[in-house]
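Some notes on the structure that comes next.
The values are calculated or read from the model by the stated rules, or taken from the named source; none is laboratory data. This structure is a prediction, so every number in the text was calculated from the model and none was measured. Cβ sites come from the backbone with ideal geometry, for glycine too, and all protein chains shown count toward neighbours. What goes into the accessible areas is simple: the full protein's heavy atoms, side chains included, and nothing from ligands, DNA or RNA. Shrake-Rupley method; radii C 1.70, N 1.55, O 1.52, S 1.80 Å.
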Amino acid sequence: MNTFDYFRPTTISEAVAAAAEPGAAYLAAGTNLLDLMKGGVARPSRLVDVNHLPGLDQIEHLPAGGVRIGALVRNADLAHDPDFAQRFPAVAEALLSGASAQLRNAATVGGNLLQRTRCGYFYDTASACNKREPGAGCEARGGDTGLHAVLGWTESCIATNPSDFCVPLVALDAIVEIEGKAGRREVPLESFHRLPGDAPERDSVLEPGELIVAVRLPAEAAPFAAHARYLKVRERTSYAFAVVSAAAALRINGSAVVEARIALGGVALKPWRARAAEEMLVGERSVETAFRRAAELALADAKPSGDNNFKIVLARGIVVRALALAAAGTPERTPALPASPFAHNPGALLNV
Amino acid sequence: MSFSISLTVNGAARKVAFDDPRVTLLDLLRERLDLTGAKKGCDRGQCGACTILIDGRRINSCLALALSHDGADLLTIEGLARGDALHPVQAAFIAHDSFQCGFCTPGQIMSAVGLIQEGQAGHDPERVREGMSGNLCRCGAYVDIADAVLDAQKRLTKLDRKQVA
Ligand SMILES: Cc1cc2nc3c(=O)[nH]c(=O)nc-3n(C[C@H](O)[C@H](O)[C@H](O)COP(=O)(O)OP(=O)(O)OC[C@H]3O[C@@H](n4cnc5c(N)ncnc54)[C@H](O)[C@@H]3O)c2cc1C
Ligand code: SF4
Ligand code: FES
Ligand code: FES
């Protein structure tokens, strides 16, 4: 690990000014950043420690039905907040399907949004990687691509965004509140992460020094609570990143779909919203045949970036299963094995 | 450059000086305070051998920057017993033969103490296993570990959870 200056700001404006300097990086819990620094993948010359900034650790339930989550709220505290888990169950389930209890106790909301890809070649400084070193090439091409993209990728980078949390958040139209030198701005989560294009070194639209202060879920996200699930396929049932995941949320009247939200994880460099599939489902009966057509639409543009065609097939199946589970109804409590396709899910399709 | 932070470690106030900003809580415990119970398995958040409680919450001390935790209250495996009286989780690990080589054990025990305090798993074996999945055991003692955690939890439910540690 390279050495660095350590700075602990006491106000947001102090933090923003310090982090705008070249080479500076914010430190939240450090569960991703310190890991990357130990591997020599990130080499900041200055750490700006945001952990002690006041006012960023609150979960505020807004009068109209939305919620505002401070950037320093710990992943576990959000998932276990009873009001939050009841109103946004797919988000709680996604959080609890990520990492381990120890990591969730430390990891922050802001840090989760900005965790970097788990592409093994990005992590290995002996490999060529355009994200780590612009122009160097991409060693993942032709390599081991099980965790790599099938949507939105380019020749320059085929990596995926590893966050579970972001998948239901993007389905529910979350908004990121950002504070920068020029003041405060808001960006929908859907346009917060960048696809690689020809500049994969930039993960998000943040400008130097910009700080995430909160993530907001609008009131319109709440009516999905009765039919909302997150499903995640990984190489082991717990403590592993998603190979493919899906969030599904429905508003159902009788047996007809009134509104649908679908997003995919592990398939692109950003959490992937499947809008065409959502629109198709409106007015349909909430049955398997409709879910299968929705899944076809969600993956219509998918193409393998290597030896990973299986992910397209897998993703279709996971979308169908997530929709079926959502239609069957949100369980009263987050399942013992959150988001696991192997959990006992009474009444749902288990053969998809 | 030199730094100094104040910590409460296993109930005792400690002032620790060090000269490198890169020191993690794990390195600080092992190298500067001679508390080698927390183990360095992977040093990357992947194994749980370094699990300790910070302000009552279980975390991986290998990914916690010491400088960021000035003022924190740490509990390590060394602080769990009361004199000769083992903590109920320690006693349950012995009763259930929940280890072979013992390398992962301090992390497993601290993680179990954290899990019981969190109160999310109840007496459901599946929730206990899931809640303990951040602690790997290369000897594969998982079955006996889960039994010990469930057993200790039963004994401890009579106590106030906040006093578990
Ligand atoms: C072994 C392991 C397994 C994991 N498994 C999963 C998993 O299955 N699913 C999953 O989703 N995640 C997983 N994670 C990742 C984990 O969720 C992230 O490491 C964590 O959420 C990052 O949060 P943090 O507070 O530690 O961020 P940090 O590591 O402190 O920061 C991460 C990045 O965000 C920036 N940053 C932090 N806060 C802000 C802010 N407020 N404004 C602007 N920039 C900011 C930092 O500069 C840094 O670039 C795993 C991690 C490990 C180590
Ligand atoms: S896929 Fe992206 S992150 Fe991975 S090696 Fe290629 S450029 Fe780097
Ligand atoms: S040493 Fe900390 S998790 Fe492995
Ligand atoms: S007892 Fe040997 S690693 Fe767990």
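Summary table
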read-out	value
Global form of region A:5-52, assessed from the alpha-carbon gyration tensor, a/c cut-off 1.5	oblate
Peptide A:329-339 - average C-beta neighbours from other chains (10 Å radius)	2
Residue-level accessible surface for A:E201, protein heavy atoms, 1.4 Å, Å²	70 Å²
Cβ charges +1 (Lys, Arg) and -1 (Asp, Glu), total dipole of region A:109-264, debye	380 debye
Across A:K38/A:K311; A:K131/A:K232; A:K270/A:K303; B:K40/B:K154, pairs whose alpha-carbon gap is larger than 19 Å	A:K38/A:K311; A:K131/A:K232; B:K40/B:K154
Within a Gaussian network of chain A (alpha carbon springs, distance under 10 Å), most fluctuating of A:A277, A:A174, A:A136	A:A136
Helix B:105-118 axis, angle to chain B major axis (alpha carbon atoms, nearest 10°)	80 degrees
Whole-Å semi-axes of the protein assembly as shown's equivalent ellipsoid (Cα gyration tensor)	36, 29, 22
Solvent-accessible surface ranking, highest first, for A:F84, B:F99 at 1.4 angstrom	B:F99, A:F84
Cα gyration tensor shape for region B:3-79, rounded if a/c is under 1.5, else prolate or oblate	oblate
Calculated FRET efficiency for the pair A:A128/A:E284, C-beta based, R₀ 51 Å, to 0.05	0.65
Label-point separation in nm, B:M1 to A:T11, each point 7 Å along Cα→Cβ	2.3 nm
Area accessible to solvent at B:M132, 1.4 Å probe radius, in Å²	20 Å²
At least 18 Å along the helix axis (C-alpha) and Kyte average at least 1.0, DSSP helices within chain A	A:310-328
Full-extension gain in nm, B:C101 to B:A17, via 0.36 nm per residue minus C-alpha separation	26.9 nm
Radius of gyration and maximum dimension Dmax of chain B, Cα, Å	15.5, 50
Gap separating the Cα centres of region A:243-304 and region B:45-60, nearest whole Å	38 Å
